[in-house]
Amino acid sequence: MADPSSYRPKPGQIPDSPGVYKFRDEHRRVIYVGKAKNLRQRVANYFQDLANLHPRTRTMVTTAASVEWTVVSTEVEALQLEYSWIKEFDPRFNVKYRDDKSYPYLAVTLNEEFPRVQVMRGAKKKGVRYFGPYGHAWAIRETVDLMLRVFPVRTCSAGVFKNAARTGRPCLLGYIGKCSAPCVGRVTPEEHRDLAEDFCDFMAGRTGTYIRRLEKDMMQAAEEMEYERAARLRDDAEALKRAMEKSAVVLADATDADLIAVAEDELEAALQIFHVRGGRVRGQRGWVTDKVEAVDTSGLVEHALQQLYGEERGDAVPKEVLVPALPEDTEAVSQWLAERRGSQVSLRIPQRGDKKDLMATVQRNAQQALGLHKTKRASDLTTRSRALEEIAEALGLDTAPLRIECYDISHLQGDDVVASMVVFEDGLARKSEYRRFQIKGFEGQDDVRSMHEVIGRRFKRYLQEKERTGEWEEQAGDTPADGPAATGPAPTGPAPTGPVPAVGPTAEDAEPREDDGRPKRFAYPPQLVVVDGGQPQVAAARRALDELGIDDIAVCGLAKRLEEVWLPDDDDPVVLPRSSEGLYLLQRVRDEAHRFAITYQRAKRAKRIRTSPLDDVSGLGETRKQALIKHFGSVKKLRQATIDEICEVPGIGRRTAESVAAALASTAPAAPAVNTATGEIIEEDDGGSS
């Protein structure tokens, strides 16, 4: 690992001009490429105290052995040079998008004497007009089959074309009218090229002209009593309309735009791009990338724009690009796009209307793509085994943690405090083992105290189940497991397999039994307890286990900010490599616990709001109830407000405010009273208990 100070440029050596810089490792390989408006300011940021750098940036500068830069005239030139160098050197610490599959395009080979319509994949070729990408090749073939009635362009391979020209007989498509048969001279090269260009114009969205022309010719043929020709023209127009119907109108103003959405977590990001031409979705594609550099959403968008349009020219760059976040240097990126298109390009975030709604659809596709990518990665047995082995090695466990339980606390500003327990066995979610908790020991917001309570309650149930099954006999003088401090020996051994007495639930956490009498959840101990949080939450969980006399279950915490793994009594976290499958599994377990907790918390809050004491206020409708809750944030804060403060809410008069105050006072936990002289709600000092 290199010391950045060993290759730090001398003061004043770096120019303050726009430019592009490269970090190289000891073998002179380029490991990172970046651009800057001011090279001196940007490069100097990499040589500050390592403790202040993002972990990914810290890894990069300690891997590098030298830095060099190139000065350019403008920020647009810097953007282009950065793209070129990333493509040339493929730096390991730059974000690089990879297609999650090879997408097919509808291609028209205008670089040939007789242009051909075909399905193409892979790198784009010069002189070929591309449309798409499409989700499936069969979708292209269906579209082409409909359009060949009107635009009978060649679709055969070079071998078939040459053989037909040699024998003087066209292929089957030439006989049935779906090819103009340039191979045998039925049309000239110029006439065939005109057909190919009309085909491209129609695919590019200029559809109305051709359909109106066909309908006009049809009417004229009918007036001249050429009914067979009129019927063919009618069928041609219907075929074009069916081809158009395969892509529904999503933007009524016939917009040409690309919409880009991003779904990301701490380690990976997925992008979805919808290509809209003539108001219709003409193609869709998706990318997935590892976040190997310290990059936010705007940075991901900028990298995506570079990769998407770096090789494109003309109409391939649309008039409008809609993104979820603007790049850091929006003006330079917009100018770069405009240069590639040859005209102005609008780069913006949709704010309202159809475009915002379509962006929401693209965003949902990105979320699903990221989830599918993670699911595919998690379903691999070898990957899961490696992840468990990496966790065991990093945490110093004797064996791989085949059962992992993760706990998370969720609340809304101290109200509706709940907790979740999720279970992963062999690296896969075991949803039948999930458990939810309400915090009962105290009121208010205290994640550490909440974590202590939840862990204590869960493992008290574990000790009770062990005692009931006879796998742990309580020794004389020991405190019962459900008491304040159970100190018996830590129960160990495999999960119970024999029948146990049917014991009905005696508390909120009591568990229903399986049909064979076995307990469903709490009788099985995990090898690893993961808590969502850092040192305080880990210490609380460890303390709860110690109070119960359980010392054979490992505990760790995963801090979300930097994805650091914390262990009890350790002052420094365990930092797993970014590419570690073990970190990926811990992150997935933590995210699932967070999802499960927040879903329960929202449902609980919604139920509380639906049964609000405001329901009893005469004449107070749903709109004004929502206005009150939105203004004060919660019923608790509304209860603490004065009548004058309630009157400040739009639509709430004095009489209604008095009714609201009286209704809330009558339902307050500590029976508050209303001071009729001042209008204030007076609560007795009860020490915060209820």
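The values are calculated or read from the model by the stated rules, or taken from the named source; none is laboratory data. All values derive from a computational prediction rather than experimental measurement. Note that we place each Cβ from the backbone using ideal geometry, even for glycine, and neighbour counts take in every protein chain shown. Just the protein is used for accessible areas: all its heavy atoms, side chains included, with ligands, DNA and RNA removed. Shrake-Rupley method; radii C 1.70, N 1.55, O 1.52, S 1.80 Å.
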Given the conditions (1) open to solvent by 10 Å² or more (accessible area, probe 1.4 Å); (2) in contact with a Pro (Cβ under 9 Å, 6 or more places away or on another chain); (3) in a helix (DSSP H, G or I), every one holds for L347 apart from (3)
Of the residues in region 273-292, those that are within 25 Å of S346 (Cβ to Cβ) and open to solvent by less than 10 Å² (accessible area, probe 1.4 Å) come to I273, V276, G279, G283, G286, W287
Do we have R56 as in contact with a Lys or Arg (Cβ under 7 Å, 6 or more places away or on another chain) and in a helix (DSSP H, G or I) here? yes
Please verify whether region 324-340 includes one or more residues that are open to solvent by 50 Å² or more (accessible area, probe 1.4 Å) and under 26 Å from A123 (Cα atoms). yes
Evaluate the following for A123: is it buried (at least 19 other Cβ atoms within 10 Å of the Cβ) and either of a type outside the set (A, V, I, L, M) or more than 30 Å from L576 (Cα to Cα) (or both)? no
Being farther than 16 Å from V108 by Cα, open to solvent by 40 Å² or more (accessible area, probe 1.4 Å), out of contact with any Pro (no Cβ under 8 Å at 6 or more places or on another chain) and part of a helix (DSSP H, G or I), is that true of even one residue in region 151-161? yes
Qualifying positions in region 59-83 - among the aromatic types (F, W, Y) and not in a helix (DSSP H, G or I): W69
Going by what's in this entry, would L50 be described as farther than 16 Å from D329 by Cβ and surrounded by fewer than 18 Cβ atoms within 10 Å (Cβ to Cβ)? yes
Among the residues in region 25-39, are any closer than 19 Å to E328 by Cα, part of a helix (DSSP H, G or I) and free of Cβ contacts under 8 Å to residues at least 40 places away in the same chain? yes
Pick from region 176-202 the residues that are charged (D, E, K, R) and not in a helix (DSSP H, G or I): which of them is farthest from the chain's Cα centre (by Cα)? R186
Residues of region 549-604 being more than 22 Å from the chain's Cα centre (by Cα) and charged (D, E, K, R), which ones? D551, D552, D569, D570, D571, D572, K604
Per the list (1) within 28 Å of Q306 (Cα to Cα); (2) surrounded by fewer than 17 Cβ atoms within 10 Å (Cβ to Cβ), residue check on S6 breaks on (1)
Note down all Cβ pairs under 6 Å where the first residue falls in region 354-375 and is open to solvent by 40 Å² or more (accessible area, probe 1.4 Å), the second is of a type in the set (A, V, I, L, M), and they're at least six residues apart or on different chains. D354/L251; Q363/A261; Q367/A263; H373/V288
Within region 549-567, can one find any residue that is in a helix (DSSP H, G or I), open to solvent by 20 Å² or more (accessible area, probe 1.4 Å) and touching a residue at least 40 places away in the same chain (Cβ under 8 Å)? no
Does A394 satisfy the condition of being in contact with a helix residue (DSSP H, G or I) (Cβ under 7 Å, 6 or more places away or on another chain), small (G, A, S) and modelled with pLDDT under 85? no
Would you confirm, using the coordinates I've provided, whether R186 is of a type in the set (K, R) and either touching a residue at least 24 places away in the same chain (Cβ under 8 Å) or buried (at least 16 other Cβ atoms within 10 Å of the Cβ) (or both)? no
Which condition from (1) over 25 Å from V262 (Cα atoms); (2) buried (at least 19 other Cβ atoms within 10 Å of the Cβ); (3) touching an Asp or Glu at 6+ places or on another chain (Cβ under 8 Å) is the one that F93 breaks? (1)
Under the condition of being more than 22 Å from C556 (Cα to Cα) and touching a helix residue (DSSP H, G or I) at 6+ places or on another chain (Cβ under 8 Å), which residue from region 439-464 is least open to solvent (accessible area, probe 1.4 Å)? F442
